[in-house]
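These notes concern the structure reproduced below.
The values are calculated or read from the model by the stated rules, or taken from the named source; none is laboratory data. Just so it is clear, the model here is predicted, and its values are computed rather than measured. Because the Cβ atoms are built from the backbone with ideal geometry, glycine has one as well, and the counts that use them run over all protein chains shown. All accessible areas refer to the heavy atoms of the entire protein, side chains included, with ligands and DNA or RNA removed. Shrake-Rupley method; radii C 1.70, N 1.55, O 1.52, S 1.80 Å.
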Amino acid sequence: MSVLGEDGGQSEAAQREMTLDGLKSAHGFLQGRIAGELRLKRTPTLEFSYDDTTDRALRLEALIEEEGAE
């Protein structure tokens, strides 16, 4: 499954939200694994958020194509 969403009967926004919820749910496990691998006194805190760069790039591309068609 892509974090960006795949066709599965749910909206992309719903799929993104479910993915972020899953990552947040696994936060403690992932943090512990990273701490064990890095062997640092203090491990940086993991934070999960959606990066809308791809959405904005696709929108920009659509606008450029739309303008070029005119």
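Tabulated values for the structure
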{"read-out": "Any hit, the stretch 32-43, residues being assigned to a helix (DSSP H, G or I), open to solvent by 100 Å² or more (accessible area, probe 1.4 Å) and modelled with pLDDT of 90 or more", "value": "yes"}
{"read-out": "Looking only at the stretch 49-64, and only at residues there that are among the charged types (D, E, K, R) and modelled with pLDDT of 90 or more, the one that is nearest to Lys24 (Cα to Cα)", "value": "Arg56"}
{"read-out": "Residue check for Leu60: surrounded by fewer than 11 Cβ atoms within 10 Å (Cβ to Cβ) and either part of a helix (DSSP H, G or I) or touching a strand residue (DSSP E or B) at 6+ places or on another chain (Cβ under 9 Å) (or both)", "value": "yes"}
{"read-out": "Inter-residue pairs, beta-carbon under 9 Å, first in contact (Cβ under 8 Å) with a residue 12 or more places away in the chain and within 24 Å of Glu17 (Cα to Cα) and in the stretch 28-57, second of a type outside the set (A, V, I, L, M) and surrounded by fewer than 10 Cβ atoms within 10 Å (Cβ to Cβ), 6+ apart", "value": "Gln31/Thr45"}
{"read-out": "Flag if Asp51 is within 23 Å of the chain's Cα centre (by Cα) and assigned to a loop (DSSP other than H, G, I, E, B)", "value": "yes"}
